[in-house]
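Contents: one structure, followed by commentary.
The values are calculated or read from the model by the stated rules, or taken from the named source; none is laboratory data. Just so you know, these numbers come straight off a predicted model, no measurement behind them. Here the Cβ positions follow ideal geometry from the backbone for every residue, glycine too, while neighbour counts run over all protein chains shown.
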Ligand SMILES: Cc1ncc(COP(=O)(O)O)c(C=O)c1O
């Protein structure tokens with residue numbers, strides 16, 4: 001079967017729900033690089049949208065998947081498997097003492113958080129969740145109801161009830177919104193899809209105190225910003241503000257689908273036997289892959305590289321802004337979660353960047369988003385930035 005025919009099949013038989021589909025068919029990946037079926041190489045600064053944080057086809061993760069695939073792929077949660085408890089212990093050992101539920105995606109992890117909050121509040125008549133404007137939490141009905149950008153909810157009415165939106169980074173708005181029925185406040189410590197917008201440290205400090213005072217749960221969605229992306233294993237560690245519960249997915253399996261949410265130990269009994277489940281949640285294969293991911297993060301000093309390269313990126317981007325101030329309006333960098341705020345719609349640049357060998361993303365309306373693998377080198381950053389610079393220069397002159 002040749003690739004042109006496969007592209008035809010894609011267009012004819014795959015449901016066309018992805019607005020940003022490029023038409024590029026990728027067939028191979030290694031580290032920060034991917035190749036299309038014609039053999040053209042690209043520098044991948046999308047990492048599968050913060051999924052392949054260790055780079056494509058990391059050898060230790062590949063080995064773990066291969067070995068486990070030939071031993072035991074799946075058993076239901078009626079039985080225990082060796083890797084699920086090991087992975088739970090590794091997640092807890094990274095600094096959050098609690099208990100873990102395993103699912104398969106970010107949306108499923110956030111559904112779990114929402115169910116957890118409702119269950120916790122059920123005997124106190126607390127059910128409402130305060131979420132943030134400009135947030136993104138997933139595509140299922142409950143996570144859409146928590147997503148503070150109406151374009152994602154359009155056409156799927158009625159919204160699931162029980163959600164209230166407030167502006168991000170506005171503590172007074174939350175003070176006004178919290179009422180006797182509020183069970184939880186839910187937010188991304190760094191808004192990803194919304195445009196790489198970090199929470200202010202002072203805001204999170206006040207929010208933590210407010211939630212404690214009002215007996216309201218504080219829940220962080222770390223699906224995009226977690227698992228090392230900001231230079232800390234959990235994004236909240238960069239703030240020193242611990243939530244009551246948090247979700248993760250994307251980079252946990254470095255591409256193998258797995259999601260999870262964790263609640264503090266004191267809430268371990270809230271979701272009691274029979275209240276939550278998932279057929280594929282925590283299979284031996286997914287958990288073996290994720291164990292290899294966490295080991296590699298530590299053994300290969302990935303967090304350190306993320307911080308070092310994040311600083312380098314910040315310095316280089318400030319220089320870029322100095323040269324192209326009319327186009328580059330602001331730079332937002334947290335570890336290797338990077339937003340370049342432009343004077344124009346960032347999606348305009350993506351095809352040209354791709355043509356020049358760089359895969360990048362947009363976010364919000366006018367943010368060019370870079371999410372390179374956390375293994376990225378200075379040389380690869382230089383290459384990517386020179387492609388961005390050339391592309392901007394050509395846009396300005398055309
Ligand atoms: C912050 C955040 N939460 C949830 C999700 C949904 O994750 P998934 O696509 O795995 O369901 C995403 C996906 O981009 C995300 O960025």
For residue 132: the one exception among (1) within 14 Å of the ligand (Cβ to nearest atom); (2) within 27 Å of residue 253 (Cα to Cα): (2)
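Return yes when residue 188 is more than 14 Å from the ligand (Cβ to nearest atom) and closer than 30 Å to residue 343 by Cβ and no when it is not. Give the steps one after another, and end with the answer.
Values: more than 14 Å from the ligand (Cβ to nearest atom): no; closer than 30 Å to residue 343 by Cβ: yes.
Here the answer is no, as residue 188 does not meet what is asked.
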How many residues of the range 157-179 are in contact (Cβ under 8 Å) with a residue 40 or more places away in the chain and either within 16 Å of the ligand (Cβ to nearest atom) or out of contact with any helix residue (DSSP H, G or I) (no Cβ under 6 Å at 6 or more places or on another chain) (or both)? The answer is 4
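Within the range 50-66, does at least one residue satisfy the condition of being over 15 Å from the mean Cα position of the chain (by Cα), assigned to a strand (DSSP E or B), within 16 Å of the ligand (Cβ to nearest atom) and surrounded by 15 or more Cβ atoms within 10 Å (Cβ to Cβ)? Before you say what the answer is, go through the steps one by one.
Narrowing the range 50-66 to residues over 15 Å from the mean Cα position of the chain (by Cα): 55-66.
From what is left, the residues that are assigned to a strand (DSSP E or B) are 56.
From what's left, within 16 Å of the ligand (Cβ to nearest atom): none.
For the range 50-66, residues over 15 Å from the mean Cα position of the chain (by Cα), assigned to a strand (DSSP E or B), within 16 Å of the ligand (Cβ to nearest atom) and surrounded by 15 or more Cβ atoms within 10 Å (Cβ to Cβ): absent.
For (1) more than 22 Å from residue 112 (Cα to Cα); (2) part of a loop (DSSP other than H, G, I, E, B); (3) within 24 Å of the chain's Cα centre (by Cα), each residue gets a yes or a no:
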{"residue": "138", "(1), (2), (3)": "no, yes, yes"}
{"residue": "152", "(1), (2), (3)": "no, no, yes"}
{"residue": "159", "(1), (2), (3)": "no, yes, yes"}
{"residue": "180", "(1), (2), (3)": "yes, yes, no"}
{"residue": "184", "(1), (2), (3)": "no, no, yes"}
In the set 227, 241, the lone residue that is touching a helix residue (DSSP H, G or I) at 6+ places or on another chain (Cβ under 8 Å), within 15 Å of the ligand (Cβ to nearest atom) and either outside any strand (DSSP E or B) or without any contact (Cβ under 8 Å) to a residue 40 or more places away in the chain (or both) is 227
Of the criteria (1) within 16 Å of residue 286 (Cβ to Cβ); (2) within 13 Å of the ligand (Cβ to nearest atom), which one residue 254 fails: (2)
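Among 113, 141, 91, which is at pLDDT 95 or above and surrounded by fewer than 17 Cβ atoms within 10 Å (Cβ to Cβ)?
141
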Specify which of the listed residues (98, 103, 121, 138) is within 12 Å of the ligand (Cβ to nearest atom) and in contact with a strand residue (DSSP E or B) (Cβ under 6 Å, 6 or more places away or on another chain). 103
Just to be sure, is residue 193 surrounded by fewer than 24 Cβ atoms within 10 Å (Cβ to Cβ), within 24 Å of residue 115 (Cβ to Cβ) and within 11 Å of the ligand (Cβ to nearest atom)? yes
Counting only residues that are within 14 Å of the ligand (Cβ to nearest atom) and in contact with a helix residue (DSSP H, G or I) (Cβ under 9 Å, 6 or more places away or on another chain), the range 142-156 contains a total of 7
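What tally of residues in the range 365-384 results from selecting those that are buried (at least 19 other Cβ atoms within 10 Å of the Cβ), in contact with a helix residue (DSSP H, G or I) (Cβ under 8 Å, 6 or more places away or on another chain) and closer than 20 Å to residue 311 by Cα?
Taking the range 365-384 and keeping what is buried (at least 19 other Cβ atoms within 10 Å of the Cβ), we get 366-376, 380-381, 384.
In the following step, the residues that additionally are in contact with a helix residue (DSSP H, G or I) (Cβ under 8 Å, 6 or more places away or on another chain) were identified as 366-376, 381.
Keeping just the survivors that are closer than 20 Å to residue 311 by Cα gives 367-376, 381.
Qualifying residue count for the region: 11.
Please tell me if residue 23 is at pLDDT 95 or above and part of a loop (DSSP other than H, G, I, E, B). Spell out the reasoning first.
Numbers: at pLDDT 95 or above: no; part of a loop (DSSP other than H, G, I, E, B): yes.
No: the conditions fail for residue 23.
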